[in-house]
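Visitor: Dropping the structure in here first, questions after.
The values are calculated or read from the model by the stated rules, or taken from the named source; none is laboratory data. No experiment lies behind these values; they were computed from the predicted model shown. Here the Cβ positions follow ideal geometry from the backbone for every residue, glycine too, while neighbour counts run over all protein chains shown. Note: areas computed on protein heavy atoms with side chains; ligands, DNA, RNA excluded. Shrake-Rupley method; radii C 1.70, N 1.55, O 1.52, S 1.80 Å.
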Amino acid sequence: MIPIYDSPLKKYLDDFSSAELASVFLLEGDEAVAVWREYIGDGKSFNHLSNESWVVGGSWVTIGDWMDGYPRPLNSQRVAELVSTKSEWSDNEELFLIQNSKNIIKFTMKDFNKFWNDFLSIFGDGPVLISRDRKSGVAFQFLPLGYVQCLKAPFL
(Lines give C-alpha, C1' and ligand atoms only; values in the text may rest on other atoms or scores of the structure.)
Protein backbone atom coordinates (compact mmCIF):
# COMPACT_ATOMS: atom_id res chain seq x y z
CA MET A 1 0.00 0.00 0.00
CA ILE A 2 1.41 3.35 -0.99
CA PRO A 3 0.16 6.88 -0.37
CA ILE A 4 -1.84 7.96 -3.40
CA TYR A 5 0.24 11.12 -3.69
CA ASP A 6 3.29 8.86 -4.34
CA SER A 7 1.45 6.79 -6.95
CA PRO A 8 0.80 7.22 -10.68
CA LEU A 9 -2.78 8.20 -9.75
CA LYS A 10 -1.58 11.47 -8.18
CA LYS A 11 -2.00 13.21 -11.55
CA TYR A 12 -5.77 12.93 -11.10
CA LEU A 13 -5.56 14.66 -7.71
CA ASP A 14 -3.20 17.53 -8.51
CA ASP A 15 -5.52 20.08 -6.91
CA PHE A 16 -4.88 18.60 -3.46
CA SER A 17 -1.87 18.63 -1.18
CA SER A 18 -0.18 15.54 0.19
CA ALA A 19 -1.50 16.52 3.63
CA GLU A 20 -5.10 16.50 2.33
CA LEU A 21 -4.49 13.06 0.78
CA ALA A 22 -2.61 11.60 3.78
CA SER A 23 -5.22 8.88 4.47
CA VAL A 24 -5.75 7.85 0.83
CA PHE A 25 -3.77 4.81 -0.35
CA LEU A 26 -3.35 2.76 -3.50
CA LEU A 27 -3.20 -0.98 -2.88
CA GLU A 28 -0.56 -2.74 -4.94
CA GLY A 29 0.18 -6.23 -6.22
CA ASP A 30 -0.62 -9.11 -3.90
CA GLU A 31 -2.34 -6.84 -1.39
CA ALA A 32 -4.81 -5.61 -4.02
CA VAL A 33 -5.45 -9.16 -5.24
CA ALA A 34 -6.03 -10.34 -1.65
CA VAL A 35 -8.58 -7.56 -1.00
CA TRP A 36 -10.29 -8.33 -4.32
CA ARG A 37 -10.59 -12.03 -3.46
CA GLU A 38 -11.76 -11.39 0.10
CA TYR A 39 -14.39 -8.78 -0.75
CA ILE A 40 -15.34 -9.48 -4.37
CA GLY A 41 -14.43 -12.94 -5.69
CA ASP A 42 -12.11 -15.02 -7.84
CA GLY A 43 -12.23 -13.33 -11.27
CA LYS A 44 -9.74 -10.62 -12.23
CA SER A 45 -12.47 -8.08 -12.94
CA PHE A 46 -16.23 -7.70 -12.57
CA ASN A 47 -16.62 -9.10 -16.09
CA HIS A 48 -14.96 -12.35 -15.01
CA LEU A 49 -17.17 -13.08 -11.99
CA SER A 50 -19.65 -15.94 -11.97
CA ASN A 51 -23.40 -15.37 -11.67
CA GLU A 52 -23.15 -16.71 -8.11
CA SER A 53 -21.00 -13.75 -7.06
CA TRP A 54 -22.78 -11.29 -4.79
CA VAL A 55 -21.74 -8.49 -7.15
CA VAL A 56 -23.31 -10.12 -10.22
CA GLY A 57 -26.23 -11.89 -8.55
CA GLY A 58 -27.13 -9.27 -5.94
CA SER A 59 -30.38 -7.32 -5.98
CA TRP A 60 -28.92 -3.88 -6.59
CA VAL A 61 -31.27 -0.91 -6.27
CA THR A 62 -30.66 2.33 -8.16
CA ILE A 63 -30.67 5.19 -5.66
CA GLY A 64 -29.31 8.14 -7.60
CA ASP A 65 -27.09 9.49 -10.35
CA TRP A 66 -23.48 10.39 -9.61
CA MET A 67 -23.14 12.31 -12.87
CA ASP A 68 -25.63 14.86 -11.57
CA GLY A 69 -22.85 16.13 -9.34
CA TYR A 70 -19.99 15.59 -11.75
CA PRO A 71 -18.04 17.74 -12.43
CA ARG A 72 -20.10 20.62 -11.09
CA PRO A 73 -19.08 21.43 -7.48
CA LEU A 74 -22.54 22.90 -6.84
CA ASN A 75 -24.22 19.47 -6.81
CA SER A 76 -21.24 17.45 -5.61
CA GLN A 77 -22.41 17.03 -2.02
CA ARG A 78 -25.57 15.23 -3.17
CA VAL A 79 -23.64 12.04 -4.00
CA ALA A 80 -21.69 12.11 -0.73
CA GLU A 81 -24.90 12.71 1.23
CA LEU A 82 -26.66 9.90 -0.61
CA VAL A 83 -23.93 7.39 0.26
CA SER A 84 -23.64 8.69 3.81
CA THR A 85 -27.40 8.44 4.42
CA LYS A 86 -27.78 4.94 2.96
CA SER A 87 -24.66 3.55 4.65
CA GLU A 88 -24.66 5.33 8.00
CA TRP A 89 -20.84 5.10 7.86
CA SER A 90 -18.96 7.39 10.24
CA ASP A 91 -16.33 9.81 8.94
CA ASN A 92 -13.62 7.40 10.15
CA GLU A 93 -15.05 4.31 8.43
CA GLU A 94 -12.32 2.74 6.28
CA LEU A 95 -13.53 2.10 2.74
CA PHE A 96 -12.29 0.45 -0.43
CA LEU A 97 -13.13 1.69 -3.92
CA ILE A 98 -12.57 -1.37 -6.07
CA GLN A 99 -12.28 -1.20 -9.87
CA ASN A 100 -10.70 -4.64 -10.38
CA SER A 101 -8.08 -6.90 -8.81
CA LYS A 102 -5.31 -4.42 -9.63
CA ASN A 103 -6.99 -1.07 -9.01
CA ILE A 104 -8.13 -0.50 -5.44
CA ILE A 105 -7.86 2.58 -3.27
CA LYS A 106 -8.38 2.74 0.50
CA PHE A 107 -9.61 5.84 2.32
CA THR A 108 -12.08 7.02 4.96
CA MET A 109 -15.66 8.17 4.56
CA LYS A 110 -14.44 11.68 5.30
CA ASP A 111 -12.12 11.36 2.27
CA PHE A 112 -14.97 10.04 0.14
CA ASN A 113 -17.07 13.06 1.06
CA LYS A 114 -14.30 15.35 -0.15
CA PHE A 115 -12.82 13.44 -3.11
CA TRP A 116 -15.61 11.21 -4.51
CA ASN A 117 -15.72 13.24 -7.72
CA ASP A 118 -11.98 12.76 -8.25
CA PHE A 119 -12.07 9.08 -7.27
CA LEU A 120 -14.74 8.42 -9.91
CA SER A 121 -12.69 10.23 -12.53
CA ILE A 122 -9.95 7.70 -11.77
CA PHE A 123 -12.22 4.65 -11.56
CA GLY A 124 -15.16 5.39 -13.84
CA ASP A 125 -15.95 1.88 -15.03
CA GLY A 126 -18.42 0.66 -12.41
CA PRO A 127 -16.32 0.53 -9.23
CA VAL A 128 -17.72 -0.88 -6.00
CA LEU A 129 -17.49 1.07 -2.74
CA ILE A 130 -17.46 -1.12 0.33
CA SER A 131 -16.45 -0.82 3.96
CA ARG A 132 -13.37 -2.59 5.22
CA ASP A 133 -15.68 -3.77 8.00
CA ARG A 134 -17.42 -6.67 6.29
CA LYS A 135 -20.34 -6.37 8.72
CA SER A 136 -21.33 -2.85 7.65
CA GLY A 137 -24.14 -4.28 5.56
CA VAL A 138 -24.07 -2.10 2.45
CA ALA A 139 -22.17 -1.71 -0.81
CA PHE A 140 -22.43 0.82 -3.64
CA GLN A 141 -21.63 0.62 -7.32
CA PHE A 142 -21.08 3.67 -9.54
CA LEU A 143 -22.04 2.69 -13.07
CA PRO A 144 -20.54 4.36 -16.17
CA LEU A 145 -23.87 5.90 -17.22
CA GLY A 146 -24.11 7.63 -13.85
CA TYR A 147 -26.35 5.33 -11.84
CA VAL A 148 -25.53 4.82 -8.18
CA GLN A 149 -26.64 1.41 -7.05
CA CYS A 150 -26.94 0.15 -3.49
CA LEU A 151 -26.93 -3.41 -2.21
CA LYS A 152 -27.92 -4.19 1.38
CA ALA A 153 -26.63 -7.22 3.32
CA PRO A 154 -26.41 -10.13 3.35
CA PHE A 155 -23.91 -10.31 0.52
CA LEU A 156 -20.47 -11.21 1.92
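Visitor: Within the group 72, 37, which residue is over 16 Å from the mean Cα position of the chain (by Cα), open to solvent by 30 Å² or more (accessible area, probe 1.4 Å) and at pLDDT below 90?
Guide: 72
Visitor: Then there is this: Identify, please: which residue in region 16-34 is surrounded by fewer than 19 Cβ atoms within 10 Å (Cβ to Cβ) and touching a residue at least 24 places away in the same chain (Cβ under 8 Å) and is, among those, nearest to residue 126 (Cα to Cα)?
Guide: Across region 16-34, the extreme among qualifying residues is 33.
Visitor: Then there's this: In region 121-145, which residue that is open to solvent by 10 Å² or more (accessible area, probe 1.4 Å), within 12 Å of the chain's Cα centre (by Cα) and under 19 Å from residue 47 (Cα atoms) is modelled with the lowest pLDDT?
Guide: The qualifying residue modelled with the lowest pLDDT is 124.
Visitor: Output the number of residues of region 111-144 satisfying the condition of being without any contact (Cβ under 8 Å) to a residue 60 or more places away in the chain and not in a strand (DSSP E or B).
Guide: Final tally of qualifying residues: 17.
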